[in-house]
Structure formats: C-alpha cells, structure tokens
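*Asks:* Can you read through this structure? Questions will come right after.
The values are calculated or read from the model by the stated rules, or taken from the named source; none is laboratory data. All figures in this text were calculated on a predicted structure; none of them were measured in a lab. Glycine also receives a Cβ, built like all others from the backbone with ideal geometry; neighbour counts cover every protein chain displayed. Surface accessibility is based on the protein's heavy atoms, side chains included, excluding ligands, DNA and RNA. Shrake-Rupley method; radii C 1.70, N 1.55, O 1.52, S 1.80 Å.
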Amino acid sequence: HAYGAAMRHALELAARGPAVGPNPRVGCVILDVRGRIIAEGWHRGAGTAHAEVDALSKLGEPYGLDAQRKLGGTASGATAVVTLEPCNHTGRTGPCSEALITAGITRVVYALGDPSENAAGGAARLREAGVEVIAGVEADAAEAFLRVWLTSIRQRRPFISLKWASSLDGRTAASDGSSAWITGVAARQRVHGQRAAVDAILVGTGTVLADDPSLTARGDAGELLAHQPQPVVLGKRAVPTGAKLRQHPRGVIETGTRDLGVVLADLFARGIRHLYVEGGPTVASAFVAAGLVDEYLIFLAPTVIGGDRLALGDIGVGTIADARRLVFTSIEQVGSDLLVTARPEINAHATNSERPPETSALATGEH
C-alpha cells in the first residue's frame, strides 16, 4: 500500500508509549503533499496528548502559520497516518477527529477501527467534515501490536497471561511442597521484567498463606522497578495483617470471591488491561478450565521431579480429543531454563513475520 511504510513507522513510534495503563499505544505521522514526513507523534499515557495532537503540535501552535509554511502555503493537502482510528471522544483530552479537521488535514489513513464504545466514530466525523478516510492499512501488523489492549476492550476483561515455572515433567514442587528454586536466576529476573510490564498480578489466597510473596517487580540488585503491578488476591480468606503484600507500594485488592467473571469485570472497570496470573495450580487450573488464558508463559527447568505436584490440576479434559490446543509463539533459552510462550489455537493467526518490532513485551523481555 502507498501508505504502508508510513504506517509501519507510525507503529514503531507507538511502541515508544507505555505498555501499561488503560489506553492503547498509538503513533501518528503527518505527510505533506509529496508524501514526506513533516511531523510525528505518539501517545505517552493517560492524560497526555493523543498521538495525532502530539504530531500536530510539532507543526506549531495551534497548527497555524507555522504549519502552513511547512506545507508550502496551506495546511490542506496534508495526510495524517495513524495506527488507530482517531477518537471522537472528549475525556481528559479533546477529540482527535476535531483536532485533525481544525488543522486542515485533508486525508486520514488508519490501520484499525477503535473498538472502544466511547472513542469510536472518529472516521464518520472526519468524512462528515469532508476529509478523505482510508482504513485498514497494515491492519494485521497493528492487530498483532495492539493484541493485549484489543483483546481486553473486545472481551471487556483484562488480557490474561498465565505464568508458571516447572520441571521438565511439569512439576511445580517436590512431594514435600518445597519449590524454591526450580528455575535459575536469569528466569527469575525475567519474571520481574514481566511483572513490570503488566497492570496487575494475581495469586490465590493459598499462595499468599503458603509463600508470603511480595509480588513486586525488582531489579538485579533487589531495587523496586519504576512500574509496579497492582497485586490482586483471589479468594475468600483475608490477607494476614503481617503479610509482605500489606507493604506493597500499590496496596492490595482482595476479591472476597472466587467468581472469575465478577473479579475480571471489576479489574476491567478499574482500568486494568493486562493481568499476569502467577498463583499456584488451583488458580491456574481455574483460568485454563474457564478458557480465559490468552497467553501462556511457561518456564521449564532442566530437571525432573516426579510425584503429583503438577502445574495444573483438573481442567475438564476427559479425553484427548478435548485437550486444549495451543500454538507455540516463541521458545527461548533464559539462562539454563527455557521460556515457552504459547497461545490458544483460535488466537494463533498472527505469525512472527506479521508482527511489528515490539510484539509481546513479556515474551521478548523488552521492557
């Protein structure tokens, strides 16, 4: 497509935005009549300028004489290339569709329609104002790049990454319950990077009572990383007063219920778009059985343990035909261990070749 290269660049800009938080990562480039990039921008997180306004602002305030000079006398004739349909919504910032119209942009090219209820309708507003609109450019790449956010908005629940660390034969503990440490230092450090790239982290009350985890994201020297996930404890029992979780910088959400539907709807309403499920076999099995796992992050150690302390319990598979079919999306050696990333077969259409540079921050360790 004539605008393919510009859209791919816009996706690279989008990747500079924060991977956490309720908003999508969006990039925008503005082209003059000859197709040269004259401005670019991206969204830096909730409450900051959206990508389109960020790009327009580089043309001078308020996209007036400066913009016209850069465009050779008139702002009309410029094309905005955006990774997501411009919003038509006034939230903490104004609607991007209006900003583009005001700036005199004559053509808007975008990759994906905005599925969120309050922001959609931008394309219709632009057409109404006489702006030419082209949709679907590099849609596959944008879909893969925004997979976490899109899944969350479409399902109205957080995107769910399920992580466990096990021996090669699928055991997460020895028969006496001891499990520290099955995997090596590099794998454990990768987990901290994964925690720092999500909105929230969930364990069950059983894990809290047995292991007293702190659920923080820490660096090599044990220091707290800049972004901390929100801890969520699934279950009816209270987190003990003296538990490490009580010291977490984000506080702790206690669900008071095991009803996953209720819990996920509440987390979604709180703006949580990516949930990292790290709780033991009971919690993991509940998410798998309910068909709620979007991404499996499995650390495999070069060890065998035997016994019955398995990573998953009963997930409702009575016969091999009912087995949950997954697709491996990456296999990587992390220290002496393997990190196997997989997703349910139904979501497996995005291949590695279709993905823009930043695919899954969790799998690739790009935080």
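*Asks:* In percent, how large is the relative contact order of region 274-341, given Cα pairs closer than 8 Å and 6 or more residues apart?
*Replies:* The value is 39 percent.
*Asks:* Something else about it: Per residue of region 174-187, what does 6.51 cos²θ - 1.76 cosθ + 1.60 with θ = phi - 60° give for ³J(HN,Hα)? Whole Hz please, x for Gly and Pro, Karplus curve as stated.
*Replies:* Couplings: 7, 5, 8, x, 6, 9, 9, 10, 6, 9, x, 4, 4, 5 Hz.
*Asks:* R0 = 22 Å: FRET efficiency of THR282 with THR257, Cβ-based, nearest 0.05?
*Replies:* Approximately 0.90, to the nearest 0.05.
*Asks:* Quick query: amide H of GLY313 versus all other amide H atoms, modeled in the peptide plane; which residues come in under 5 Å with a sequence gap of 5 or more or a different chain?
*Replies:* SER285
*Asks:* Under a 5 Å amide H to amide H cut-off, with H placed in plane at 1.01 Å, what residues pair with VAL334 once short-range neighbours are removed?
*Replies:* Those lying under 5 Å, H to H, from VAL334 are LEU339.
*Asks:* About its Cα centre, how strong a charge dipole does the chain have in debye, to the nearest 20, once Lys and Arg get +1 and Asp and Glu get -1 at the Cβ?
*Replies:* 440 debye
*Asks:* Ok, one more. Over the chain, give the accessible area per residue in Å² for a 1.4 Å probe, as an integer.
*Replies:* Details: 16380 Å² over 367 residues.
Solvent-accessible surface per residue comes out at 45 Å².
*Asks:* Go ahead and collect, in residue order, the members of region 284-304 whose backbone nitrogen is under 15 Å from a label point 7 Å along the Cα-Cβ direction of ASP169.
*Replies:* Those under the cut-off are 301-304.
*Asks:* Output wanted: per-residue J couplings in Hz (rounded whole) for region 227-239, from phi through Karplus 6.51 cos²θ - 1.76 cosθ + 1.60, θ = phi - 60°, x for Gly and Pro.
*Replies:* Computed from phi, the couplings for region 227-239 are 9, 10, x, 6, x, 10, 10, 8, x, 9, 7, 6, 6 Hz.
*Asks:* Let me ask something additional. Sort region 190-300 into rounded, prolate or oblate with this rule: let a ≥ b ≥ c be the square roots of the eigenvalues of the Cα gyration tensor; rounded if a/c is under 1.5, and if a/c is not under 1.5, prolate when a/b is larger than b/c, oblate otherwise. The partial results should precede the final answer.
*Replies:* Details: a/c = 1.42, a/b = 1.19, b/c = 1.20.
Note, shape of region 190-300 comes out rounded.
*Asks:* Let me ask something else about it. Can you pull the one-decimal nm distance between simple spin-label points at GLN189 and GLU128, each 7 Å off the Cα toward Cβ?
*Replies:* Simple spin-label model gives 5.4 nm for this pair.
*Asks:* How far apart, in nm, are two points set 7 Å out from the Cα along the Cα-to-Cβ line at ARG324 and at ALA221?
*Replies:* About 4.0 nm, to one decimal.
*Asks:* Pull up all non-local amide H partners of ARG218: gap of 5 or more, or a different chain, and H-to-H distance under 5 Å with H placed in the peptide plane.
*Replies:* For ARG218, whose amide H was placed from the backbone, the distant partners under 5 Å are LEU225.
*Asks:* Sticking with this one: From Cα pairs below 8 angstrom and at least 6 apart in sequence, can you work out the relative contact order of the chain, rounded to a whole percent?
*Replies:* Across the chain, relative contact order equals 16 percent.
*Asks:* Would you mind classifying region 119-180 by shape? Square roots of the alpha carbon gyration tensor eigenvalues, ordered a ≥ b ≥ c; an a/c under 1.5 is rounded, otherwise it is prolate if a/b is larger than b/c and oblate if not.
*Replies:* Since a/c reaches 1.5 and a/b is larger than b/c, the shape of region 119-180 is classed as prolate.
*Asks:* Would you work out what percent of the accessible area of the chain, with all protein chains in place, is carbon or sulfur (probe 1.4 Å)? It would help to have the intermediate numbers written out before the result.
*Replies:* Details: 8480 of 16380 Å².
Result for the chain: 52 percent of the exposed heavy-atom area is carbon or sulfur.
*Asks:* Of the listed peptides 125-131, 184-190, what is their order by residue-averaged count of other C-beta atoms within 10 Å, with the highest listed first?
*Replies:* 184-190, 125-131
*Asks:* What nm value, rounded to one decimal, do you get for the distance between SER214 and THR241 when each label is placed 7 Å out toward the C-beta?
*Replies:* Here the modelled spin labels are 2.3 nm apart.
*Asks:* What residue among VAL53, GLY130, GLY307 has its Cα farthest toward the positive end of the dipole of the chain, where the charges are +1 on Lys, Arg and -1 on Asp, Glu, each on the Cβ?
*Replies:* It is VAL53.
*Asks:* Defining a contact as two alpha carbons under 8 Å apart and six or more residues distant in sequence, what relative contact order in percent does region 230-323 show? Present the calculation step by step, with values, prior to reporting the outcome.
*Replies:* Working: 67 pairs, mean separation 20.2, N = 94.
Relative contact order, region 230-323: 21 percent.
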